[in-house]
Structures are given as structure tokens and as C-alpha cells.
Amino acid sequence: MSENAVQYYRSAFERLDKQAVLPWFADERESAIRQLEETGFPTIRQENWKYTDVRPIIKRQFNPDQTGTRPGSDELAEVRFENLDCYELVFVNGQLSPSGDRKFPQGVVIDSLAASGDRHAEVLNRHLGRYSGKNEGAFPALNTAFFRDGALLILPDNMKLDKPVCLIYFSTDSDSRIASHPHNLIVLGKNASAAVIEYYVGKGENDYLTNTVTEVITDDASHLTHYKIQQEGKKGFHIGNLVTRQEKDSRIDSHSISLGGRLVRNDIVANLAAEGSGIRLNGLYLASGRQHVDNHTLVNHLKPHTWSDEIYRGVMNDHGRAVFNGKVIVHKNAQQSDAQQSNANLLLSDNAEADTKPELEIYADDVKCSHGATVGKLDEGMMFYLRTRGIDEETARSFLIYAFAEDVINKIDISPVKERLESLIIGRLPEAEKIREFSE
């Protein structure tokens, strides 16, 4: 099956107009498709894909040449964050849609990757594809070969962006199965700071694939707050890769929220490449029906005095299944590194499942590291406490589920984003109105 899928994408690649988007990148595209031919798609025989079977993706022939229907203004208004003052780019099926206010601060680049190749060739040549290139796996290689567009954010030294950048990726219906491959590049100069929201949302009833890559480079003392919110449609497949490289004393706060999609895989690779750099990883995933959500994180402590702090939580119901694999590597010279990791999973039905595997590899002898994971059901003691206060069983269950998820949501600083997520989570609970009254 993998061989047939590879042949299909090779044929699609031959039809691709490689001069249409970043023609100087054509050799990298060709190298990526050759890499896919050599390795094929992952199987459950590979350790990193042991619990996630991608055959539902590769047996479908997703078309990277289709653009699909354009959303109406009402549809776009529905997915935008209410009362959020932001710099906005909207991509429909992987390509920039002309919408939103395009007035940006002087010196800041917030643009379509496809449209900025000539104006920012130096930055793109230096960074594009250098951190999540063809050797990182089949899906990043597929992205490198087929991406048409994505977002480019460049902040000069000492620039503090006054409001967040919101990148909306909208998947719509088409007569054929659409594949979109957005590729984003975020480059922060020294002592710069920004907040970026990647919001993936799908409408319609057809199968589709979103295969996205985001590369982040933070220079000395810079700070990025990054939100990835995945709310794909019920038949959507989502593969996401976030790769970072951090310089001295830089910081990234990453918030990864997975609510939609039929089969979802999120990979984060963080490279702490200079002293004092650090990353905070917050994650929340919900899976119900027959949803499958897989989160893989890898933090490389490459230099001394680096730090990482990771908290991921998942709630699974019905036949929902979740996978969490969090790996931290403290390399030989990374003395006095501090790495903390925690994963907790809540199972709401006998058919729900969670596979969790926290890992530490430590090659330095002066470090502070810990990790832990739990899989369980609702706390019976807390249920009893709420029931004795006159709260019925369904409401008590909803209160406890919401409180479990709220620990992650409360770490989000942008109020309209936090409010949207609270509403989405509460909406999936019994006795939603009572929970809303309690949370207000």
C-alpha cells in the first residue's frame, strides 16, 4: 500500500508546476520526493508510529492540485476569534486568501511565503527547510515537495509586536479529496517578541488532508508565544510538525490544542541550541467517537543551563484513542539543564484508550530532570464530594472533566482564544449550560 501511495505522489509531483512557487527551491522539492521514494510512509513496525496506523491516509488519493470552494464571508466570520485585535492572514486549502487588514508595523514581515520569495530571498535561503527538511520523515518530505504557500513572519531586533498574528487555515469541500501542505517560517531577531496563533479548521463532509510544517528560529533573548489550535472536520486528517531552534536566553511558550479531526498526529521537535534557552510545552487533546490523536514531542537540550517544562493532558470518550510520546534528551555537554515533563490522561468510557510513553535520555551528570504519566478515570472521591453537595451525577462528571482540562486552558493569555476554547470544550460536555454558569 505504501509503495502505491508513493507512486501516486511521484506522479502528482511530475504534474506540479515547480516554477510557480519559489522556483529556486525546485531542487529541494525534487530531493524531498526522492527521499519519500526511498523511505516510504511509516508503518506500525516503526517505534515512533507503533500506535498510529497511517493506512487510512495513504490508501486515499488526496489531490494537491485542487483548490476547492471558497468560503463565504459568513463562514470566515464564524471561525474568526470574536473581539480579537490581531494581524491576520487567511489561507484556504493551503493558499492565501485576500482578506483581513494587511497594514503591518514598519520593519515587520507578515506575508505569504509564496509571495515573498524575491523580497526576502536571503532569509528564506538561510532558513526554509533547514530544520524540518526531507530527512525528518515522510510527511515533512511530502510538505517540502508540495507546499504552495504558508506564512512568513520576520521580526527585526528589539521589535515587540503589539498584537498577535492570527493565521487561519480553512479547509473546504471539493469534488475530490484535497491535500493542503502549508509551510510556515517564523524568524525572531534579538530581543524580539511576538504571539502567533495557528488555527486549523475544516468545514464540509468530504475527506481531506492537512499536512503542515512550521519552522521557528528565535535569536538571543527573544520570546515567542505560539498557539496551535486544531479543529479539523470530522473526516479531516491532520499531520502537523513544529520544529524550533533557539539561541541564547530565548524562550518559547507552546500551546497545542487538538479538538477535531479523524486521525491527528502532532510532532514537536525543540532544539535548545544555546545557554539559557528554554521552552514550555502545554498541550490538551480531546478524542471521542473514533478519533485518534497522537502527540510526539522531542526536546533536545544541546547546551548547558537550558530548561524545558512540559504538561500535556488528554480526555478520551467513546472509542477515542490518544497517544503521547514525550522524549527529552540531555546531551553530553548540557550540564545544569532542567527538564520537567508530565502527561495525564482521563478515560471516560471502557472503550477509550491512551498510550503514554514519557522518556528521558541523560548524558550529563549535573542535571535536574523528572517525568511522569498517568492514565485513569474520574476521581471517585471528588465525585462523592460533589454528589453529597446535591449535584447530580452528570453535572458532577462535567465539572470534573472541565476542571481537568482547565489546568491547560488557564495558561492561555489571549482572552478571545481562551474564551473560544472554553466554549468548545464545555459544548462537548453534558449539562453544558450549568458549566458555563459556573465558569463565568
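Annotations for the structure displayed:
- Taking the C-alpha atoms of the stretch 356-409, convex hull volume expressed per residue in Å³: 119
- Working from label points 7 Å from Cα in the Cα-to-Cβ sense, the D162 to R119 distance is 2.0 nm.
- When the inverse distances between all different Cα atoms of the stretch 324-399 are averaged and flipped, the Kirkwood radius reads 15.2 angstrom.
- The stretch 335-379 pair-distance distribution - Cα-Cα, 5 Å bins, rounded %: 5, 19, 23, 15, 13, 9, 8, 6, 2
- Counting all C-alpha pairs of the stretch 72-211, share separated by more than 20 Å (%): 50
- Computed over the stretch 75-225: relative contact order in percent, which uses C-alpha pairs under 8 Å that are six or more apart: 27
- Computed lengthening from N410 to D27, 0.36 nm per intervening residue step minus Cα-Cα distance: 133.4 nm
- The stretch 2-87, Rg to Rh (Cα coordinates; Rh as Kirkwood inverse mean 1/r): 1.11
- Applying D = kT/(6 pi eta Rh) to the stretch 270-311, where Rh is the Kirkwood radius over alpha-carbon pairs, T corresponds to 37 °C and eta to 0.692 mPa s, the Stokes-Einstein value obtained is 273 µm²/s.
- Shape annotation for the stretch 287-440: C-alpha extents along the principal axes are 56, 35, 29 Å, from largest to smallest.
- Dipole magnitude for the stretch 349-404: computed about the Cα centre from +1 point charges on Lys and Arg Cβ and -1 point charges on Asp and Glu Cβ, it is near 340 debye.
- Rg then Dmax, both in Å and based on the Cα atoms of the stretch 216-365: 16.0, 49.
- Heavy-atom accessible area per residue - the stretch 216-303, 1.4 Å, Å²: 24
- Taking the convex hull of Cα positions in the stretch 149-203, its mean projected area over all directions (nm²): 4.2
- Spatially proximal lysines relative to K327 (Cα-Cα < 27 Å; intrachain offsets below 8 disregarded): K50, K134, K228, K248, K303, K357, K368, K377, K411
- Prolate/oblate/rounded label for the stretch 71-122 (Cα gyration tensor, a/c 1.5): oblate
- GNM on the chain, alpha-carbon springs under 10 angstrom: the most fluctuating residue among M382, M159, M316 is M382.
- Per the Debye calculation on the chain with a single equal scatterer at every Cα and no solvent contribution, log₁₀ I(q)/I(0) for q = 0.07, 0.10, 0.14 Å⁻¹ amounts to -0.33, -0.70, -1.43.
- Short to long, the 10 Å bins of the Cα pair-distance histogram for the stretch 6-160 hold 9, 31, 32, 23, 5, 0 percent of all pairs.
- For the stretch 1-123, the solvent-accessible area of protein heavy atoms averages 56 Å² per residue (probe radius 1.4 Å; ligands and nucleic acids excluded).
- Largest to smallest in accessible area, the residues H331, H292, H305 fall in the order H305, H331, H292 (1.4 Å probe, all protein chains included).
- Measuring r between the beta carbons of Y363 and R45 and using R0 = 25 Å, the FRET efficiency lands at 0.35.
- Note on the chain: helix-only mean residue ellipticity at 222 nm, from DSSP H runs of 4+ residues weighted -39500 (n - 2.57) and normalised by residue number, equals -7000 deg cm²/dmol.
- The Rg/Rh ratio of the stretch 174-262, with Rg taken over Cα atoms and Rh as the Kirkwood radius over Cα pairs, comes to 1.08.
- In the calculated pair-distance distribution of the stretch 285-372, the portion above 23 angstrom amounts to 33 percent of the Cα-Cα pairs.
- Cβ-placed point charges (K, R +1; D, E -1), dipole of the chain about Cα centre in debye, nearest 20: 620
- The ratio of the alpha-carbon radius of gyration of the stretch 201-242 to the globular-protein estimate 2.2 N^0.38 Å is 1.55.
- Distance between the stretch 208-256 and the stretch 132-207 - C-alpha centres, whole angstrom: 8
- For the stretch 115-203, the relative contact order works out to 35 percent when only alpha carbon pairs closer than 8 Å and six or more residues apart are counted.
The values are calculated or read from the model by the stated rules, or taken from the named source; none is laboratory data. Just so you know, these numbers come straight off a predicted model, no measurement behind them. Methodologically, a virtual Cβ is constructed for each residue, glycine included, from the backbone with ideal geometry; neighbour enumeration extends over all protein chains shown. Just the protein is used for accessible areas: all its heavy atoms, side chains included, with ligands, DNA and RNA removed. Shrake-Rupley method; radii C 1.70, N 1.55, O 1.52, S 1.80 Å.
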